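> Here it is: the structure, laid out below.
The values are calculated or read from the model by the stated rules, or taken from the named source; none is laboratory data. Computed from a prediction, not measured in an experiment: that's the story for all the values here. Neighbour counts run over all protein chains shown; Cβ positions are idealised from the backbone, glycine included. When the accessible area is computed, the model is the full protein with side chains, heavy atoms only, and any ligands, DNA or RNA have been set aside. Shrake-Rupley method; radii C 1.70, N 1.55, O 1.52, S 1.80 Å.
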Amino acid sequence: MKVVALDLRFPTHLPAPQSDIRSSSYDLRTGRCQYCKDLEKRPETGVERIQFEVEPSIDEREKEDETQVPDESGSDETTVPDYQLARDRERRVSKPPNRLGYADLICYALNAAEEVQDSEPKNFREASESIYSKDWLKAMNEEMLSLEKNQTWKLVPLPKNKRVVGSKWVFKRKEGIPGVEAPRYKARLVAKGFTQVEGIDYNEIFSPVVKHCSIRVLMAIVNMYDLELEQMDVKTAFLHGELEETIYMQQPEGFVEDNSKVCLLKKSLYGLKQSLRQWYRRFDDFLLTTGFVRSNYDSCVYMMKRNEKVILYLLLYVDDILMASSDKHEIQKLKEKLNGEFEMKDLGNAKRILGMDILRDRSKGELFLSQHDYLKKVVERFRMTDSKVVNTPLGHHSKLSIKQCPQSEDERKKMESTPYASGVGSIMYGMVCSRPDLSYAISVVSRFMANPGQVHWQALKWVLRYLNGSLKGGLKYTRTDPGRDALEGYVDADYAGNIDTRKSLSGFVFTLFGTAVTWKANQQSVVALSTTQAEYIALVEGVKEAIWLKGMIGEMGISQGCVKIHCDSQSAIHLANHQVYHERTKHIDIRLHFVRDMIETKEIMETIQVIVFGSVVRPARVVCLHWEHIKKSMKSDQSRLSLEAH
């Protein structure tokens, strides 16, 4: 900062500005103001020195920064401030991209679903001042005891030129499982992994989790063959991973023993970028040594086989474990092995997994997957509880376009307070888990998350109104005729459904033992020039999913011959079955013709699905086309999608 002195020279009298005539200091008789009268007491030419501070320019500030050298003595007055790019840089406003892949949408849906839950303390101070401070303090003490028991770290002086990773407390109130465990308070000590430097503090960080489709496949198998289904939870799962890097961490807030020391991590800890990977590797090695076989189609699905027959299934989602077997004694033996290696919690019969309630009636041979509680919270959060319910996920009048997005800055600011992206993500999580009927609506409204307009917001509220009237919807698995094909698929396309780009929409549904296990509705990457091409592209997507599913259920012990895929386009079926060259189809990409190879090798069989409107719904249309066109052919029971073909 510079101090500048200026000499101000002014005449004895200045004419009063016109604006000062009305002021109380102006004399109408003499035509002089009070300021002029004061100047008469001074010499004819007055000199007045005024000092004021001037902010240095950007160039001068940069020169000062270049010349500032830290003192070797370590004086605080001359050292450069402790600036960390990851911590102190100016944050930009994150917005979802215009186009998201299917896997990216699922990740976004999981993050948005977390926001629906009740709020908890954000830091140690809020927890200690909360009305539930005793419960949070008890949870923190339990966490510290667990860390000490696991010998997660040891206190050491910080070596020279070594970085320290911060730590913080994260609090969560668990709702519990009805009839199994009561709601409880959890406190987790996590490392501030965002301060880690790649190549120094970590290298590889990827770790798989079980696919939602794999969970639904297991549910179908469990219900079909009346298997035992139980659940376990790993306590402090990430603490079991072995670290390969040397990491120093600050002592936890509220539990500091020696201010001159830091924690040298010996085991992995929540928050570290590599913690999930290290835990998965530890658990994977343990299962493989106990006789399990990892699936080639889902790295978190394990099977134990005896005499070429699967006797035990295990699914892993981070620290949640699902186990299924026809012999309860085998499950008990596995629990004993897990308890001997890790600190486990036995939850008994599976009641809830990833927010999905598992309702089972073994006497009737039925299993029902529902997200009633979660979707009810979504409706309540957006204040749509008392709204008028509708029968379709998206109204027939909803012709959404990018032209309806805000054009002016005022319109954009008005929409900034609208929780559009959060609403799409919250509903999307329901679609990902147990509600294929929401696929088309979510595919449409998610296109405008970057810049939504008022019309888009009204369309999203329509979806919430539909949810409000169908909270009890879900997937109902029943036992079917053993002679029937286990796996079937249905594909369809909405030709030129995007009115902006004129791209088509592909949709498919695959059923296992008569109930949906996987579905998808997404926009095609190219503009189809005909309905034949649009249907053919949708068929390709369905065939790729069929190949994966057939291999998956084959490893799990379900024999499946040729997979039957139903398509309502005779031209697409003719194009797939015959190696014919035609002027109207020569532009179709060569990579799409791999469907012909699958048909020739008898891996896939296509059939024309005859639709009788008024009695049965084409399942692919549920996820692909507008519900207004098919609502007349829906069954009255909304708790299960009709997935039977004539």
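> Could you give every pair whose Cβ atoms fall below 9 Å, whose first residue belongs to segment 320-346 and is closer than 22 Å to Lys309 by Cβ, and whose second residue is open to solvent by 80 Å² or more (accessible area, probe 1.4 Å) and modelled with pLDDT under 95, counting only separations of at least 6 or pairs across chains?
Matching pairs, first to second residue: Ser326/Tyr225; Lys335/Asp346.
> May I pose another question? Is it the case that some residue within segment 225-234 is within 24 Å of the chain's Cα centre (by Cα), in contact (Cβ under 8 Å) with a residue 40 or more places away in the chain and open to solvent by 10 Å² or more (accessible area, probe 1.4 Å)?
Taking every residue of segment 225-234 in turn, at least one turns out to be within 24 Å of the chain's Cα centre (by Cα), in contact (Cβ under 8 Å) with a residue 40 or more places away in the chain and open to solvent by 10 Å² or more (accessible area, probe 1.4 Å).
> So, restricting to strands (runs of 3 or more DSSP E) that lie completely within segment 127-198, which ones have at least 1 residues that are open to solvent by 70 Å² or more (accessible area, probe 1.4 Å), touching an Asp or Glu at 6+ places or on another chain (Cβ under 8 Å) and not polar (S, T, N, Q)?
Hits in segment 127-198: 167-174.
> Can you find a residue in segment 207-224 that is without any contact (Cβ under 8 Å) to a residue 60 or more places away in the chain, buried (at least 17 other Cβ atoms within 10 Å of the Cβ) and in contact with a strand residue (DSSP E or B) (Cβ under 7 Å, 6 or more places away or on another chain)?
The answer is no, given that none of the residues of segment 207-224 is without any contact (Cβ under 8 Å) to a residue 60 or more places away in the chain, buried (at least 17 other Cβ atoms within 10 Å of the Cβ) and in contact with a strand residue (DSSP E or B) (Cβ under 7 Å, 6 or more places away or on another chain).
> Follow-up. Can you name every residue in segment 255-300 that is open to solvent by 30 Å² or more (accessible area, probe 1.4 Å) and acidic (Asp, Glu)?
Glu257, Asp258, Asp285
> Now for a separate question. For Val444, are the conditions met, namely being within 19 Å of the chain's Cα centre (by Cα) and either more than 19 Å from Gln371 (Cα to Cα) or open to solvent by 20 Å² or more (accessible area, probe 1.4 Å) (or both)?
yes
> In the list Glu380, Glu343, which residue meets the criterion of being over 30 Å from Pro482 (Cα atoms), open to solvent by 80 Å² or more (accessible area, probe 1.4 Å) and either modelled with pLDDT under 90 or not basic (Lys, Arg) (or both)?
Glu380
> Taking Tyr420 and the conditions (1) touching a Leu at 6+ places or on another chain (Cβ under 9 Å); (2) under 30 Å from Ile321 (Cα atoms), which numbered condition does it fall short on, given that it satisfies the others?
Every condition holds for Tyr420 apart from (2).
> Taking Met249 as the residue in question, decide whether it is touching a residue at least 12 places away in the same chain (Cβ under 8 Å), farther than 30 Å from Asp327 by Cα and open to solvent by less than 10 Å² (accessible area, probe 1.4 Å).
Yes.
> Report, ordered by the first and then the second residue, all pairs with beta carbons closer than 8 Å, sequence separation of six or more or different chains, a first member in segment 564-578 that is over 20 Å from Ile547 (Cα atoms) and modelled with pLDDT of 85 or more, and a second member that is open to solvent by less than 50 Å² (accessible area, probe 1.4 Å) and not in a helix (DSSP H, G or I).
Close Cβ pairs satisfying both conditions: Asp568/Asp492; Asp568/Gln609; Asp568/Ile611; Asp568/Arg618; Ser569/Ala493.
> If Gln609 satisfies every condition in (1) open to solvent by 20 Å² or more (accessible area, probe 1.4 Å); (2) within 17 Å of Phe510 (Cα to Cα); (3) modelled with pLDDT under 70 but one, which is the exception?
The one condition Gln609 does not meet is (1).
> Counting only residues that are hydroxyl-bearing (Ser, Thr, Tyr) and modelled with pLDDT under 85, which one in segment 196-244 is farthest from Phe342 (Cα to Cα)?
Checked segment 196-244; the qualifying residue farthest from Phe342 (Cα to Cα) is Tyr202.
> Between a residue in segment 298-315 that is assigned to a strand (DSSP E or B) and any residue that is open to solvent by 20 Å² or more (accessible area, probe 1.4 Å) and among the small types (Gly, Ala, Ser), which pairs come within a Cβ distance under 7 Å, given they are 6 or more apart or on different chains?
Met304/Gly291; Lys309/Gly557; Val310/Gly557
> Considering only residues of segment 312-331 that are over 22 Å from the mean Cα position of the chain (by Cα) and open to solvent by 30 Å² or more (accessible area, probe 1.4 Å), which is farthest from Met556 (Cα to Cα)?
Checking each candidate, the answer is His329.
> If you go through segment 248-260 one residue at a time, how many are over 23 Å from Arg125 (Cβ atoms) and modelled with pLDDT of 90 or more?
1
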